[in-house]
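Working notes for the structure below.
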Amino acid sequence: MRDIRQALDSPQPAKRWRVLLLTCRDPATDFRLALAQELQALGHDVTYAFLKRRPVVTELSSPNSSRNFSLLSFFYYARMEFKQHSSLIVLNSTNLTFPLMSLLLRNTCGGLWCFDMHDDLLYGSTGAARRKAAIAQRVLLHGSDFVVHAAPTLKELFPASHHLGNASSIARIARSRPQFDRLLILSSLDARLDFDFLAAAAAANPNLDFHIYGQVSQGDRCIAQRLDRLVSQCPNVSYRGPYVNAGLPSILGDYAVSLAPYIAHSPLTRYIDPLRYYHCLNSGMELISTDIPKARDLGDLLHIVHRPDEIGPLMARLANGWSARRNSGSTGQAHHWRNRAITFLNLATDVQAARAKGGGS
């Protein structure tokens, strides 16, 4: 709680906003729900809309009651609810899933629109699918007043975008008897995970157990096959299943060290800002990562390894004393969603003021 109180000391915009957050992710796993909750906690009126064939809408002032709509009734609801709000801001975090719906909603609701470029949204697309996705991205960017991005490297692709970054609402977890014979791998299981590195790390360190939690990608059948092969060939690697946000404290509390074996020096990982970094660091864990730009960006808070055989000696040093450890457990203030919410509102205030003066974002 101390970190949250410190975050509240940050400068906050005086204006009260009406916020509509559009998402295409299930609330149980959606990282933007935490941002929406912090916006509500700061005193703004937040509506969280999970867009699908039958949208589900939750007013965060009453988070335990949600309403289901048909698409037609949802547009009618949006027009009646938001059209007259001069202080409306819409955070469009639907990736590239609903470009036409987003444009129709903007024409229906008005307000200040922000597009959430939390990742390289063309990641994994090839051929005709990539061309279609690129068109959708241009449509969404053109229909927004400003854009926010997560990883600083995304500024290379979108120079006019504003840095927001990812975060975590996880607080520090007390670990009275930390164990250094096992590592937590908290990851989306997709092409960005370096299965070969992980297999080599397991082979080089038979005394260590590697426990994987995460959702297996449904868009690439090879991923499930690679996971099955990894687990069958490496007896000290186990897959513990997917997780939801509510289960994170329980999972994180069982480990002292986390490993993030992302593919290094690759376009696949150049533009990511892993949420797992913030969950682990805020909880007080030691974090080991392969060499990706965001790991370097976090500097001395974590350990970067370049070869699988570096993990064993590093774990031994971590087990032997505090001198080798890098995470003091004090990252919660800088990397809490409350601070991201304040940054987002300040950006919106600046963009609206610039628009009122006839300027750009």
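Quick notes on this structure:
- The share of C-alpha pairs in region 266-357 whose separation exceeds 17 Å stands at 61 percent.
- Considering all different alpha carbon pairs of region 210-260, the Kirkwood hydrodynamic radius works out to 12.2 Å.
- Span-rule helices in the chain, defined as complete DSSP H runs reaching 24 Å or more along the axis (Cα) with Kyte mean at least -1.0: 337-356
- Rg/Rh, computed from the Cα trace of region 64-108 with Rh as the Kirkwood radius, has the value 0.96.
- Taking the centroid of alpha carbons for each part, region 307-358 and region 43-85 are 31 Å apart.
- Translational diffusion coefficient (Stokes-Einstein; Kirkwood radius from C-alpha pairs) of region 313-360 at 25 °C, 0.890 mPa s, in µm²/s: 172
- Projected onto its three principal axes, the C-alpha set of region 31-169 covers 41, 33, 26 Å, listed from the longest axis down.
- Stokes-Einstein D (µm²/s) once Rh is taken as the Kirkwood radius of region 147-223 over alpha-carbon pairs, at 4 °C in 1.567 mPa s: 81
- Only one item in [x] 61, 57, 36; [y] 63, 39, 39; [z] 63, 49, 39 matches Cα extents along the principal axes in Å derived from the coordinates shown, and that item is [z].
- Contour excess over end-to-end distance, with Cα ends at L141 and Q225 and 0.36 nm allotted per residue: 26.6 nm
- Carbon and sulfur %, accessible surface of the chain computed with the full protein complex present, 1.4 Å: 52
- For the chain, calculated [θ]222 nm from helices alone, where every DSSP H run of n ≥ 4 adds -39500 (n - 2.57): -11000 deg cm²/dmol
- P(r) for region 261-308, from all Cα pairs and a bin width of 5 Å, is 4, 23, 34, 26, 10, 2 %, short bins first.
- If the chain linking S330 and A128 were pulled fully straight, counting 0.36 nm for each residue of separation and taking away their Cα-Cα distance, it would gain 68.1 nm.
- Average accessible area per residue (Å²) across region 153-197 - probe 1.4 Å, nucleic acids and ligands excluded: 46
- Packing order of peptides 110-117, 210-217, 225-232, highest average first: 110-117, 210-217, 225-232 (average count of other Cβ atoms within 10 Å over each peptide's residues).
The values are calculated or read from the model by the stated rules, or taken from the named source; none is laboratory data. Source: prediction; values computed, not measured. Positions of Cβ are backbone-derived with ideal geometry, glycine not excepted, and every protein chain shown enters the neighbour counts. Heads up: the accessible areas ignore ligands, DNA and RNA and are worked out on the full protein's heavy atoms, side chains in. Shrake-Rupley method; radii C 1.70, N 1.55, O 1.52, S 1.80 Å.
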